[in-house]
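Comments concern the structure below.
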Amino acid sequence: PPSEVIQFVGLVSRDTVGVRLAGQHLQHAARSWLRKLCSRERKDEKPADGKLTQAERHARREETRRLLNAWHLVLSEPCFHQQEDALRDILLDLSQCYVFKDAEPLDVVGCILALETDVQKLASVKSLQDQVVKIAIKASRDAQEASEELFDKQLARLLFQEPTPLRFTIVEAFVGWRRAKDSLDNMLNHVSLWNYLLSGPWLKALESQDHPLAKTQQGGKRALTEHAAQLRNSTIQLQHLRTILRHQKDYEALVKQITGSQPDNITASGDALAQFDAEFRNLRTYVKLFCSIGSIDKSSLEQLVGDVKENEQTMPLKEAVKKFEKLAVRQHLPWFWPLRESDVFLKIWEHTAQAAKPAQGPLTQEAVVDKVIPEARKTWEALALSLEQGSALLKDIQWCIDLEWSSVKLELERLESTTTSESGAPWAAQAFASAEAARLAAKLCHWAPAMQQLRNALAPIFKQDCADPCAEELKQMVSSFGDGNYLQYSFGGVLDAVGPFRATINKLSEPMQDYTLQLAKHEDSLTWLLKNPSTEDFNRLISLCRPNTDNSVILAAIASLQQTRTFLAQALYGKEYDGILAFLSELALLTMDSSTFEALVSVQKSFDPMLDLLTTHSRTPGVQACYDLKRIHERGTFSVICSVKESEQLQCKTPEGELNYESLAELRRQLLMTDLPAELEGATNLPAMLEELVNKLQLLEEYGRCTMELFTLGHFAYHSGQVVLNVSPEQTAAELEVPLQSLQQRLADWQVTGCASCASSSDLCQRSASRPCGTRSGRCSASCTWLPTRRPCSRRSSRTLAARSWPARTPRRRRS
């Protein structure tokens, strides 16, 4: 039997001196014995639904009682409970027993509470009793965490079934873990727990107890009664009042539970708090927005706002309701709040404040109350009256046109709600119709001329001998609304003015109206589309030109051109219209999406470079050479550059780009092999242009060769990359002969003077008359031969030598 085993352990651990602490072997033996005892008749299989039957609960309870008694027997021996390591390990083994570890938390709590009498008997081993209580506390916490309720009902029934000392300890730990004490907010957030804790049996049971739970209970009771008294005399802090209003029903129930009556003054206190919050909100808006816009002195108000913000939570209600009594602007603050988002009123306010601003310093609050606010209110009310009566001119209320439609409607509603109507009836609905008519008049101002331009640009698709009534109507629109004439209409009169023209423009949806406006802005693109009616030819042109560019902008424009042509093909090709109205009716049948308008804008934005690509790469080389000839003849500027490379000596610049020597030579070859047309874009003298170009290129090539000779011979006036001659389009080939002859003479002179400089340089020259001077071999005279393996024998300036960057001088080897 266990008792005899433990009695034997006690005998062997005592001697005449006292008690010997348990060694490692004895500790191991005791723990093994307890674990073996714990594992007897263990049931590893749990019920399918996780619930135990009554018989299973009773068996589990008896097993738990047996294990507690076994642990109590072991730890009752001084050799174990006086050894800290042994005590800690044995208690840990208890918490790992299957009756605690594998069972459901609620079952563990219920089992320990049912064995409370047995737990009390463990008082002789305090550490064992504390361990059992800890196991119960942990199980209650696990049960609550597994529940979706704020306070699990089954756990509540177990913990508050009756007031007992063990339950006091578990509930106190549970209240601390849930943070359900120390403040009114914490209590009301866990009102179901406090309903149990403040019930009659628990109040009576803890009344005379010196338990921590009794202090927690009394603290909650005191908080509820004190706040109820503060509500009656309006000394309650704002933070507590907000908590009470947030949980009003729960608070009233708890107070009634402990006092027997409902708390007073909650509704009135809530109204006072709402008024304080509204005034404080309005004051902050006035200081931050309106004072800033009007350049108004706000230092005293900012100090007041900062003080209230700092002490708001702890401020008594009685003090809060009187906080803004001395403010002169207080009576106007509610009027400012709905106007804080009105762009129209903010402009009125700014203009009024600037007009009242003194020459020096900011506006004072007294001046704002006496002058600015009455004047701004007067202007605002006059605006509302003029809109109600329809007498306002559109030029004075252009915000009805410029703002988004939703913003316009909000502005009209604010005007109606913040002013007093002359007739006493609502007028915003009628104002909506007038504002919509004003916006339509503004659109007609631009749309009607655009449709006239569109009619002219698309003239080939309209019948020429057919009268067009819509064209006359467009003229009337232009006369009535064009050039800003719509701004002279009154707010009420514009509704009748746009009436006759609604049917025409309303044939198109608003997106299509905007599309036609944009379409009329670029006549060149419309003309080009009309000239390319064949879809097959168009697609062939696109496929031919697309590979010839890697510019992402032009590629995107080509894709947009395809999309735009596809969209407009139904209306542009294969049809002839009686008038503009028929064309608009055809456009109304087209289906637009979000990318249609963007594609049109992309085409118009990049049309010129895209058209250049489509034009140049759709011509044969010979035809393109003719276009280049005309372009060079009219706008080409030639430049001769000093360079030892022949390919770099000549270039031609046009607004469309540059052509180097090779490009010019290829152009000349193409032109000489091509039959020139008699006329090209109005030019009829292409043969003369070609002859002029050939002569000019021949002279410029000779000029470049002479320049290269001078540079090679070391003339100090020439350096690499120097532009030595510019020829404008107006200069002819005959005019170039004079500078060429001058350059040739300079070359001849330099060759003679350059030879004399090398006469004394016998190590660099060899006397020879094998070749005449001036040949491209580099000889400087008829009697001097320059050794090609040597440096040139010319005299160069220090600047020329530095530019050439000669390598460092090395010792000269003697010639054999």
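Throughout, read-outs are computed from the coordinates displayed, never taken from laboratory work. Small disclaimer: the values here were computed from a predicted structure and weren't measured. Neighbour counts run over all protein chains shown; Cβ positions are idealised from the backbone, glycine included.
Peptides 695-701, 23-29, 518-524, ordered by how many other C-beta atoms sit within 10 Å of their residues on average, highest first, read 695-701, 518-524, 23-29.
A Cα-only calculation for the stretch 420-570 places Rg and Dmax at 20.9, 72 Å. Give the cross-link partners of Lys318 among the aspartates and glutamates, using a straight C-alpha distance below 14 Å as the criterion and excluding same-chain residues fewer than 8 apart. Within reach: Asp271, Asp277.
Spacing of the modelled spin labels on His719 and Arg546, each 7 Å from Cα toward Cβ, amounts to 5.1 nm.
Quick one: of Lys256/Lys326; Lys101/Lys121; Lys36/Lys138; Lys475/Lys575; Lys323/Lys371; Lys138/Lys215, which pairs are farther than 29 Å apart, Cα to Cα? Before the final figure, lay out each step's value.
Numbers: Lys256/Lys326 39 Å; Lys101/Lys121 23 Å; Lys36/Lys138 25 Å; Lys475/Lys575 25 Å; Lys323/Lys371 25 Å; Lys138/Lys215 22 Å.
In this structure, Lys256/Lys326 lie more than 29 Å apart at Cα.
Taking R0 as 60 Å, what FRET efficiency do you get between Ser639 and Asn456 from their Cβ-Cβ distance, rounded to the nearest 0.05?
Values: r = 44 Å, r/R0 = 0.73.
It comes to 0.85.
Peptide packing: for 663-670, 526-533, 186-193, the average count of neighbouring Cβ atoms within 10 Å per residue gives the ranking 186-193, 663-670, 526-533, highest mean first. Between Ala688 and Asp483, the contour length at 0.36 nm per residue exceeds the alpha carbon distance by 68.8 nm.
Suppose the Debye formula is applied to equal point scatterers at every Cα of the stretch 674-729; what is log10 I(q)/I(0) at q = 0.14, 0.18, 0.20, 0.31 Å⁻¹? Values, matching the q order: -0.56, -0.71, -0.78, -1.21.
Binning all Cα-Cα separations of the stretch 468-522 at 5 Å, short to long from zero, yields these whole-percent fractions: 4, 16, 20, 28, 23, 7, 1, 0. Take every pair of alpha-carbon atoms less than 8 Å apart whose residues are at least six positions apart; their mean separation over the length of the stretch 500-650 yields a relative contact order of 31 percent.
May I ask for the percentage of alpha-carbon pairs in the stretch 261-359 that lie more than 22 Å from each other?
Values: 1865 of 4851 pairs.
Cα-Cα pairs of the stretch 261-359 separated by over 22 Å account for 38 percent.
For Ala268 and Ser594, the FRET efficiency from 1/(1 + (r/R0)^6), where r spans their Cβ atoms and R0 equals 41 Å, is about 0.15. The Kirkwood hydrodynamic radius of the stretch 207-293, based on inverse pair distances between different Cα atoms, is 15.1 Å. Here the stretch 316-357 was treated as a single set of alpha-carbon atoms; its pair distances binned every 10 Å from 0 give 23, 37, 26, 14, 0 percent.
What FRET efficiency comes out for Gln218 versus Lys357 if R0 is 45 angstrom and r is the Cβ-Cβ distance? Round to the nearest 0.05. Write down the numbers at each step before the final one.
Working: r = 63 Å, r/R0 = 1.40.
E between Gln218 and Lys357, to the nearest 0.05, is 0.10.
Using the Cα centre as the reference, give the magnitude of the dipole from point charges on the C-beta atoms of the stretch 610-715 (Lys, Arg: +1; Asp, Glu: -1; all else neutral), rounded to the nearest 20 debye. In debye, rounded to 20, the stretch 610-715 gives about 60. Summarised as an ellipsoid, the stretch 340-461 has semi-axes of 37, 20, 10 Å, derived from the eigenvalues of the Cα gyration tensor scaled by 5 and square-rooted, with the largest first. Applying Stokes-Einstein at 4 °C and 1.567 mPa s to the Kirkwood radius of the stretch 517-581, computed over alpha-carbon pairs, gives a translational diffusion coefficient of 98 µm² s⁻¹.
One equal scatterer on each Cα of the stretch 88-158, no solvent, Debye formula: the resulting log10 I(q)/I(0) at q = 0.13, 0.17, 0.25 Å⁻¹ is -0.38, -0.63, -1.15. Report summary: the helix-based calculation at 222 nm, which adds -39500 (n - 2.57) for every DSSP H run with n ≥ 4 and divides by the residues of the chain, gives -19000 deg cm²/dmol. Equivalent ellipsoid of the stretch 169-216: semi-axes from √(5λ) of the C-alpha gyration tensor, largest first, are 17, 12, 9 Å.
Over the chain, the Kirkwood radius and the radius of gyration, each from Cα atoms, give a ratio Rg/Rh of 1.27. Geometric descriptor of the stretch 109-199, per residue, is 92 Å³ (volume of the convex hull of the Cα atoms). Between the stretch 496-542 and the stretch 591-654, the alpha-carbon centres lie 28 Å apart.
The alpha carbons of the stretch 546-696 occupy a box of 65, 35, 22 Å along the principal axes, longest dimension given first.
With Rh defined as the Kirkwood radius, the inverse of the mean 1/r over Cα pairs, the Rg/Rh of the stretch 152-192 is 0.98.
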